[in-house]
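See below for the structure under consideration.
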Amino acid sequence: MRQKIRDVMRRGVVTCRVDATVEQVARTMLDDDVSAVAVIDERLDLCGVVTRTDLIRCYGQDLASVTAEDIMTFQAKS
């Protein structure tokens, strides 16, 4: 049986703040079962994205001192 995209997609976007620690971002991704989160600022504007790959690149660092802003892929401003 073929699945439709609507059967496996999630509605809504999982976000974190730019100042969230990598530890918090990883917990959010785990709790929400997602492979990426949108990073937003205090005005709720999209600033970038943190992916699982970004988290893996932090291996060996102090995850409580690295923030989403430090590791995110930046959103180009229009």
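The values are calculated or read from the model by the stated rules, or taken from the named source; none is laboratory data. This structure is a prediction, so every number in the text was calculated from the model and none was measured. With ideal geometry, Cβ positions are generated from the backbone for all residues, glycine too; neighbour counts draw on all protein chains shown.
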* To do: Within region 13-44, work out how many residues are polar (S, T, N, Q), assigned to a loop (DSSP other than H, G, I, E, B) and closer than 21 Å to Ala64 by Cβ.
  => 0
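Restricting to region 40-54, count the residues that are loosely packed, with under 15 Cβ neighbours inside 10 Å and more than 19 Å from Arg27 (Cβ to Cβ).
Residues flagged as loosely packed, with under 15 Cβ neighbours inside 10 Å and more than 19 Å from Arg27 (Cβ to Cβ) within region 40-54 amount to 6.
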* Which numbered condition trips up Asp7, out of (1) assigned to a helix (DSSP H, G or I); (2) of a type outside the set (Gly, Ala, Ser); (3) modelled with pLDDT of 90 or more? -> (3)
* Test Cys47 against the criterion of being part of a loop (DSSP other than H, G, I, E, B), of a type in the set (A, V, I, L, M, F, W, C) and closer than 16 Å to Val22 by Cα, and give yes or no. => no
* Restricting the search to region 55-68, which residues are at pLDDT below 95 and part of a helix (DSSP H, G or I)? -> Leu55, Ile56
